[in-house]
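The block underneath contains the structure these notes are about, expressed in structure tokens.
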Amino acid sequence: MQPEPDYRQLDAEYVMRVFSRDLMMVRGEGARLWDDRGNEYIDCVAGIAVCSTGHAHPRVAAAIGEQAQNLIHVSNHYYIPGQAELARRLVGITGMEGGRVFFSNSGTEATEAALKLARVRSGRTRFLAFTNGFHGRTCGALSTTFKPSIRTPFLPLPYECSFADYGDLESVDEMLDGSVAAVIVESVQGEGGVVPAPAGFLSGLRRLCDDAGSLLILDEVQTGFGRTGRWFGYQHDEITPDIVTMAKGIGSGFPMGAIVAREGLEFRPGEHGGTYVGGPLACAAGNATIDIIEEILPDIRRKGDLFAEALSAYNPRHAGLMLGITVGERCGDVQRRCQENGVLVNCTNGHIRIVPPLVITDEEIEKAAEVIDEALCSVVL
Ligand SMILES: Cc1ncc(COP(=O)(O)O)c(C=O)c1O
């Protein structure tokens, strides 16, 4: 038998050093992961809020497998199995009756589609986004992403964008005028450290956008598909956006994204496209994912509350199974300590982010919270 190649060595030699890596995961089941050295982890990262139905969910794996045996790819010049069905279901769960879907392969591509759509239909060129907001790294999306260290090296970016203070309607009011094609906002800032929009903020934005004739884009890439306890985060505020972007949890880990735009707002033939968008495998994964989330959705808020309660000493911000704890400089040490003790969490801009698979059990939540508590206690306090 051939010995396994040394993947770490190969990675060091051949892969661009964009990501810092340590572990190598070889197997997953539910909210558990195993690395190549046989260590087991409770996964509170979930591929960064992606593996919504848990790792290798048998129904998602079967749906992808069955589809792969029939047809892996076919051009969008043909009808695609599962695509229209998934589109119908996305319109249903967004509550945007009469709306239409454009599929993408990732979150940043969903942002690109939303910005292009707003740009082309409004005839306006400017955008308004928020401090600490994140909408992706391709150049259009990056125009609306706040973090200076990832933005500045690529200036000038294609879209002019101003950044208002997240949660502050007055600052939006000052910047929003008839030149703004759309306001783009997360219902909970994910990369920004899990910061939920204050009550009334999204409905206030809706009103200000209506007054200025600007579109409202809700970026639900990280918060969608049950993460906050509703299908989408904006549904807690009962507003209707003009465009919703989604990705991550939509395919349980199969790369996919989409936008849903309200009735009457759509691309005309030729205005946008993509070879792989809404492909058969992605749609099989998406349809299976929705089937599963429909079953688990009613319990997500309770699980999130359980997690938040167990960590209440650290004042976590939370929305469903999305929790953030501000740590500051020693965030990396907390993450490492958790990992040594069998729990994976993620550090974003000085905040511990906890976004486990939505199928995490109560026992796993309790165990993970104990480990996170111990790490925070020993590193921070
Ligand atoms: C809110 C939000 N929008 C967009 C993106 C970009 O998604 P992707 O990494 O799939 O391009 C992310 C990724 O973290 C995100 O959190």
Checklist entry - Short version: ³J(HN,Hα) in whole Hz for each residue of the range 10-27, in order, from phi by Karplus 6.51 cos²θ - 1.76 cosθ + 1.60 (θ = phi - 60°), x for Gly and Pro, what are they? => result 4, 4, 4, 7, 10, 9, 4, 8, 8, 10, 9, 10, 9, 7, 10, 8, 10, 7
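How much accessible area per residue does the range 59-295 have, in Å², with a 1.4 Å probe? Present the calculation step by step, with values, prior to reporting the outcome.
Details: 9650 Å² over 237 residues.
So the range 59-295 comes to 41 Å² accessible per residue, rounded to a whole number.
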Item to check | For the range 118-131, 3J(HN,Hα) per residue [Karplus equation, 6.51 cos²θ - 1.76 cosθ + 1.60, θ = phi - 60°, Hz, x = Gly/Pro] | outcome: 5, 4, 6, 7, 8, x, 9, 10, 9, 10, 10, 10, 10, 4
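Pop out the Kirkwood hydrodynamic radius of the range 59-295 from its pairwise C-alpha distances, inverse of mean 1/r, in Å to one decimal.
On the way: mean 1/r = 0.0561 Å⁻¹.
Mean inverse Cα-Cα distance, inverted, gives 17.8 Å.
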Checklist entry - To the nearest 20 debye, what charge dipole does the chain have about its Cα centre, counting +1 at the Cβ of each Lys and Arg and -1 at the Cβ of each Asp and Glu? => result 820
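Relative contact order for the chain: what is it in percent, counting Cα pairs under 8 Å that are at least 6 residues apart?
Relative contact order here is 23 percent.
Can you tell me the order of 165-172, 241-248, 227-234 when each peptide is scored by its average per-residue count of other Cβ atoms within 10 angstrom, highest first?
241-248, 227-234, 165-172
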Next on the checklist: If you filter the range 279-377 for GluC sites (Glu not before Pro), then keep DSSP loop positions with at most 16 other Cβ within 10 Å, what is left?
Outcome noted: Glu329
Item to check | Interchain or long-range residues, amide H under 5 Å from His135's placed H | outcome: Thr145, Phe146
Checklist entry - Rounded to the nearest 5, what is the percent of antiparallel bridges among the DSSP beta bridges in the chain? => result 60
Checklist outcome for this item: Counting only residues 5 or more apart in sequence or on a different chain, those whose built amide H sits under 5 Å from that of Ala164 are Ala129, Phe130, Thr131
Checklist outcome for this item: Rounded to the nearest Å, the spacing of the alpha-carbon centers of the range 324-381 and the range 229-295 is 29
Checklist outcome for this item: Between Ala56 and residues 5 or more places away or on another chain, the pairs with built amide H atoms under 5 Å apart involve none
Item to check | Overall form of the range 3-43 per C-alpha gyration tensor (a/c, 1.5; a/b vs b/c) | outcome: oblate
Checklist entry - Residue-wise, which Karplus ³J(HN,Hα) couplings in Hz belong to the range 60-68, taking 6.51 cos²θ - 1.76 cosθ + 1.60, θ = phi - 60°, and x for glycine or proline? => result 6, 4, 5, 5, 5, x, 5, 5, 4
Checklist entry - Ile239 versus Trp34, label points 7 Å from Cα toward the beta carbon: distance in nm? => result 4.6
Checklist outcome for this item: For the pair Arg59 and Tyr78, the simple spin-label estimate (label points 7 Å beyond Cα toward Cβ) gives in nm 2.9
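Which of the peptides 8-20, 200-212, 257-269, 109-121 is most tightly packed, and how do the rest follow, judged by the mean count of other Cβ atoms within 10 Å per residue? Don't skip to the end; give the middle numbers.
Values: 8-20: 8.6, 200-212: 17.5, 257-269: 19.1, 109-121: 24.5.
Ranking, from highest mean packing down: 109-121, 257-269, 200-212, 8-20.
Could you count how many Lys pairs in the chain have their Cα atoms under 29 Å apart, skipping same-chain pairs fewer than 8 positions apart? Can you show the working numbers first?
Working: Lys116/Lys147; Lys116/Lys248; Lys147/Lys248; Lys248/Lys303; Lys248/Lys367; Lys303/Lys367.
The result is 6.
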Checklist entry - Residue farthest toward the positive end of the dipole of the range 59-295, with Cβ of Lys/Arg at +1 and Asp/Glu at -1: which of Ile250, Tyr234, Val194? => result Ile250
Next on the checklist: I'd like the distance separating the alpha-carbon centroids of the range 75-125 and the range 142-176, in whole Å.
Outcome noted: 24
Item to check | Extreme residue, positive dipole direction of the chain, given options Gly350, Ala114, Ser378 (C-beta unit charges) | outcome: Ala114
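The values are calculated or read from the model by the stated rules, or taken from the named source; none is laboratory data. These figures come from a predicted structure and were not determined experimentally. For neighbour counting, all protein chains shown are included, and Cβ atoms are generated from backbone atoms with ideal geometry for every residue, glycine included. For the accessible areas, the whole protein counts, side chains as well, though only heavy atoms, and no ligand, DNA or RNA atoms are used. Shrake-Rupley method; radii C 1.70, N 1.55, O 1.52, S 1.80 Å.
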